[in-house]
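In what follows, a single structure is set out as structure tokens and then discussed.
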Amino acid sequence: MDFIEMIKGFVTPLARNHAAVVVKEVESTEAGTLMFEILVAQDDLGRVIGREGRVANALRTITYAAAIKEGFKVKLTFAALPE
């Protein structure tokens, strides 16, 4: 399963600046864990994380469930693109 495309597919519609959405895999120190960094424009960071982190937690739940089927754990981090 291509987790990067899946995550990008969920995050892109949430952002106003679609071209600024970047999802990249980050090296994990834990075995069996995939880590992804979601980068968006500064103005879109709040929209992607959501009030009280609800959207971010929903994204984590969806990717975690998909990863369980593949035998992995997934961790997501959110950040703004440097200007």
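The values are calculated or read from the model by the stated rules, or taken from the named source; none is laboratory data. Model, not experiment: these values are computed from the prediction. Note: ideal-geometry Cβ built from the backbone for every residue, glycine included; neighbour counts use all protein chains shown. The protein model used for the area step is the full one, side chains on, heavy atoms only, and it has no ligands, DNA or RNA in it. Shrake-Rupley method; radii C 1.70, N 1.55, O 1.52, S 1.80 Å.
Accessible surface calculations at 1.4 Å, restricted to protein heavy atoms, place the chain at 63 Å² per residue. Shape annotation for the chain: C-alpha extents along the principal axes are 35, 23, 21 Å, from largest to smallest.
Name the shape class, rounded, prolate or oblate, that the alpha-carbon gyration tensor gives for the range 12-60, where a ≥ b ≥ c are the square roots of its eigenvalues, rounded holds for a/c under 1.5, and otherwise prolate holds if a/b is larger than b/c and oblate otherwise. Verdict is oblate for the range 12-60. The length gained on full extension between residue 69 and residue 25, counted as 0.36 nm times the residue separation minus their Cα-Cα distance, comes to 14.0 nm. Charge tally for residue 55 (other residues, Cβ to Cβ under 13 Å; Lys, Arg +1; Asp, Glu -1): +2. For the chain, the mean residue ellipticity at 222 nm estimated from helices alone is -11000 deg cm²/dmol, where every DSSP H run of n ≥ 4 contributes -39500 (n - 2.57) and the total is divided by all residues, rounded to the nearest 500.
In this structure, the amide hydrogen of residue 78, modeled 1.01 Å from its nitrogen in the peptide plane, lies closer than 5 angstrom to those of 38, counting only residues at least 5 positions away or on a different chain.
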